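Inspection log for the structure reproduced underneath, given as structure tokens.
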Amino acid sequence: MSTLYIVATPIGNLKDITLRALHIFEEVDLILCEDTRVTKKLLSRYNIKTPTQSYHQHSKLKKINYILNLLKQSKSLALVSDSGTPGISDPGNKLINHLAKSLPDLKIVPIPGPNAAVTAASISGFPMNKFVFMGFPPHKKGRQKFFKEVAESKYPVIIYESPYRILKTLKELGQKEIVVGRELTKKFETIYRDKAEEIIKQIKPKGEFVIVINKP
Ligand code: SAM
């Protein structure tokens, strides 16, 4: 029976790869990557020479069918995204859904590891026994509704944000008590804990951001 491994990779620090992930990368016939150039940096660091191919959010049905055929030929595959856990604000879900329906005997095996949302949750100090993950705020359409939902949530909310919109989003969050994780696990990792309106005054809008918003 063929196997598809869904493998989490580091969110910055390449040492955060798991031993099991490295083992799987060495064992599989092919690694499906969101961007092969990004994944090759990780693979070359660990001297892994397994072939790679791209699978991303714009991949067409033709590519999915190609992957399906490899699995029918009993090839084993690993799926990775550029960073963190595939399928979480990243490509993967569409492929997994299609393959699970088309090949009921396919083994889909999770290889857990880093995830930016959970990493930020772990250092927030907020009551995270229940929380809501809402991904990226919409840029225009649905933005107001998104922040209304954040404001009305009974539980802490985790969102992702890019350097281009971090200031705009912090402005929306105003007086909310938040923790912002910037460039987590990387050289310029910075963690801000304050009201959003205070963080705006100090934050460097560069890099990758996760925001954890405390419940009111
Ligand atoms: N699948 C990934 C995961 O498991 O976290 C998330 C992918 S999503 C396309 C990328 C976003 O995650 C970034 O824009 C940022 O909001 C957040 N992110 C990823 N790495 C991060 C890091 N090292 N520090 C802070 N935020 C990060």
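The values are calculated or read from the model by the stated rules, or taken from the named source; none is laboratory data. Remember, it's a predicted structure, so these values are computed and weren't measured experimentally. Here Cβ is always computed from backbone atoms with ideal geometry, including for glycine, and neighbour counts include all displayed protein chains. Each accessible area value is taken on the protein alone, full model and side chains, heavy atoms only, with ligands, DNA and RNA left out. Shrake-Rupley method; radii C 1.70, N 1.55, O 1.52, S 1.80 Å.
Brief remarks follow.
- Checking 53, 73 one by one, the residue that is closer than 20 Å to residue 93 by Cβ and either open to solvent by 50 Å² or more (accessible area, probe 1.4 Å) or of a type in the set (Lys, Arg) (or both) is 53 and no other.
- Filter result for residue 40 (over 11 Å from residue 79 (Cα atoms) and part of a loop (DSSP other than H, G, I, E, B)): no
- Note on the stretch 13-30: residues that are assigned to a helix (DSSP H, G or I), over 20 Å from residue 116 (Cβ atoms) and acidic (Asp, Glu) amount to 2.
- Top-ranked residue in the stretch 1-12 [being in a strand (DSSP E or B) and within 14 Å of the chain's Cα centre (by Cα); ranked as farthest from residue 87 (Cα to Cα)]: 9
- Look at the stretch 126-154: where a residue is under 20 Å from residue 194 (Cα atoms) and in the same structural domain as residue 178 (by TED's automatic domain parsing) and a partner is at pLDDT below 95 and open to solvent by 100 Å² or more (accessible area, probe 1.4 Å), sitting 6+ places away or on another chain with Cβ atoms under 8 Å, you get 151/216.
- For the stretch 104-114, the criterion of a residue being of a type in the set (Val, Ile, Thr), buried (at least 18 other Cβ atoms within 10 Å of the Cβ) and within 16 Å of the ligand (Cβ to nearest atom) is satisfied by at least one position.
- Selection status of residue 96, part of a helix (DSSP H, G or I), surrounded by fewer than 19 Cβ atoms within 10 Å (Cβ to Cβ), in the same structural domain as residue 39 (by TED's automatic domain parsing) and at pLDDT 95 or above: yes
- Tally of residues being surrounded by 16 or more Cβ atoms within 10 Å (Cβ to Cβ) and within 19 Å of residue 11 (Cβ to Cβ) across the stretch 191-202: 1
- For the stretch 72-83, filtering for residues that are out of contact with any Asp or Glu (no Cβ under 7 Å at 6 or more places or on another chain) and either more than 16 Å from the ligand (Cβ to nearest atom) or at positive phi (or both) leaves 3.
- Exclusive hit being touching a helix residue (DSSP H, G or I) at 6+ places or on another chain (Cβ under 8 Å) and open to solvent by 60 Å² or more (accessible area, probe 1.4 Å), set 130, 171: 171
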